[in-house]
Amino acid sequence: MTQPVTTKVDTTVFEKAQNLNANAVFNLADTVPGGNLYAGFNFHTQEAAAVTAGLSGYTVKLLQTSGDLLKLEFSVYELNEDKSKCTNLKSYAVDITEAVIGAGGTTASAKMILDVTVIGDKVTATVTNSGNLALTHIQEYDLNNYYTYAEYGKGGYGIYKHGTGTISVEDVDFTVIPLDVENIDDTLYTIYAPDESAGIVYEDGKFVSNDAVAKKMILNDTVVSDFSADATLEIGYDGQLKAGIIFRAQNIGNDTDAMEGYSAVLWKNENGTGNFGRVLLLIYKWGKNAEGETVYLGEVGRLDDRTTLNKVYPKAQTSILDAAGAHLKINIKVDGDVVRASFDVLDEYNEIAASSETRSFMLNKEFDKENINTYYESGAIGLSISSAGAVCDFNITESVMGKEMSVMSDYTVYSNDDNTMTIDSSVNKKMYSTTKGRKQAVLKGTPLTNFEASAILKSNTAGEVYNMGFDFMINEDTHSGYAYNTTHETMGYEGYRAVLVRNTNSSANPAGAVLYLFKFTKDESGYTRSEVKKVANADFFADYTTADTTDKEYAEVEVELNVKLVDGNLTAVATMCEYPERTITLTTEGLEGSGSVGWFISDQGSVSQISVNSVVTEGDLNADGNVNSNDLAIMRKAILGMEKVGLVIGDVSVKDREIDIRDIVKLKKLAAGI
């Protein structure tokens, strides 16, 4: 019995790409169809619609016909203005039955491997019988033969199916071939520019600048001290470039000199040296003058390179335009007061074709001016450009957060009866309380499912009750400050608290301490605190006790608290700073939820050297502590070439991940389920 034929079209369109390889196994219908069945790949897709043929762009597909033939068909489609219909501008089909099925064979239940590679305007399609790899057909297409190529030079890509749907697809593998650098996510940055005429746009994964006005793109809520980073920069249409990496920055503003800190810049311009391929690598510094104004201080150092660019673009030495559109990659490593810098020239495949020397510069250089020569140990990080061109890619491959509170972060403070709590981000990088009463500071930002946090807890000068720690999985949407019930005065929120408590004088053992895990919930009667677990150490504070066990014996005692939560499994460790062998460890499993992270103080004391980092788990490519659809964008860009991906999200500092073959297998499975 023949199968019915419908006009159903199934298309899956991923993000745009210019060059790619698509590979999958296609299981043909188990009986000869009553009408034609189509299945294959679409690429350079401009728009998709649920109508025949479902897209505008190109397709390469297998055609299983009612006459029991197997054909390979290339087509170009155009969607009309109201998106109600697709026009087939051109189709070219070739009978490949005998080549891949074999003499006298049938297409029913045959299994075919279709491999399509797109490089520029050249397309190669290979069809192979998975049961007999010797049966193969190769077809080549030139996109220049179709007038739409200028418009369809880049676009979406995915699976194309048309007909009854009885052709099934498995083992799908899309690989984007990286001829273009497109790895900037503009949602992670804040732009600083004088006005709307500053001439910067976000386009195809790049920050594109159209003029010479200085612009800064600062990574949100991120503070770094020591780190390694690189940025890929594109020379402008005029053959010139001035762009690079800003680091350890403070007090950032829109004007050119509105910043304190450093930048590493590549500068190529139409200079008077007679060598238009000359590239300057410059380390700049900004600071405050005696009047408190932010001003440009000058160069920390420079590398004058006159040959590296010319090795890849020989004509660039005499022509300012010869290297227009070329990619340069600046590399820096900051360690204490030393920055090591170099740059690479990339070829058309974004592979390193030539490299400059690496030179070291001292960041604590002083300037003979009426300026305050402040040495900046940490601060914000980001990108800058003050020419035509583009910033295409930015990676932080390793970083030290400096174990301090982020000076750029936004906190919400909750305090009982308006008791005082201060966040000091300018000097001591700490949160401290000067009065009795419970206080909490919540770090705003992306909710974290998996994270690790650490801080130094310190009692006040009176040595009163030690009661400080971390709050996490905080639901800020339901936070109401403080709330009261019949048994506890507690925070009015839902979430958890890991807190270290020193026993009071009335206890049988005032030298002991307890690490608690509490859970806060809300029902009709209000907020309730319940104890999940506690672990005690009877001698934790033993060295600070005397016969009379007065509170003053515990004055300004420091304890480091580390909390790590991964997939609902919690480990909290309290360690005496003066006696590191003395610890309390609390572990538990099965915690559920996600939310913000904060710090808690009861009575007087301080929480300082605070560090919060997400924990990267399997499949979590963008390192936000959660595995979700946001990881797909990273997956699509990292899946080819086993690239190293260095990312910083929010207050999170993540070392580079080497994508290996095990990841590729996982990502293929994930891609197939999109």
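Carbon-plus-sulfur accessible fraction, the range 58-97 (probe radius 1.4 Å, protein heavy atoms only): 43%. For the listed residue pairs Lys122/Lys315; Lys85/Lys122; Lys71/Lys161; Lys458/Lys534; Lys215/Lys329; Lys206/Lys564, the alpha carbons are over 25 angstrom apart in Lys122/Lys315; Lys85/Lys122; Lys206/Lys564. For the range 253-264, 3J(HN,Hα) computed residue by residue from phi via the Karplus equation (6.51, -1.76, 1.60; θ = phi - 60°) reads x, 7, 6, 4, 9, 7, 5, 10, x, 10, 8, 10 Hz, glycine and proline entered as x.
Coupling constants for the range 516-524 follow from the phi torsions by the Karplus curve (6.51 cos²θ - 1.76 cosθ + 1.60, θ = phi - 60°), and in residue order they are 9, 10, 10, 10, 10, 10, 9, 9, 4 Hz; glycine and proline get x. In sequence order, the range 354-361 has phi-based couplings of 7, 9, 7, 6, 9, 10, 9, 9 Hz under the Karplus curve 6.51 cos²θ - 1.76 cosθ + 1.60, θ = phi - 60°, and Gly or Pro positions carry x. Annotation: amide H of Ser130 within the under-5 Å range of Lys111, Met112, Ile113, sequence separation 5 or more or interchain, hydrogens built in the peptide plane.
A cut-off under 12 angstrom between Cβ atoms defines the neighbours of Val338, and their net charge, with Lys, Arg +1 and Asp, Glu -1, is +1. Taking 51 Å as R0, compute the FRET efficiency from the Cβ-Cβ separation of Ile119 and Thr374 and round it to 0.05. About 0.50, to the nearest 0.05. Between Gly605 and Ser433, the built amide H atoms are under 5 Å apart, and every one of these is 5 or more places off in sequence or on another chain. The gain in end-to-end length when the Glu578 to Ser360 segment is fully stretched comes to 74.7 nm, 0.36 nm per residue minus the alpha carbon separation. Proximity of backbone amide H atoms, modeled 1.01 Å from N, is registered between Arg582 and Met576 at under 5 Å, excluding neighbours fewer than 5 places apart on the same chain.
In the calculated pair-distance distribution of the range 299-368, the portion above 16 angstrom amounts to 54 percent of the Cα-Cα pairs.
The values are calculated or read from the model by the stated rules, or taken from the named source; none is laboratory data. Everything numeric in this text was worked out from a predicted model, so none of it was measured. Cβ atoms come from the backbone with ideal geometry, glycine included; neighbour counts cover every protein chain shown. Accessible surface areas use protein heavy atoms only, side chains included; no ligands, DNA or RNA. Shrake-Rupley method; radii C 1.70, N 1.55, O 1.52, S 1.80 Å.
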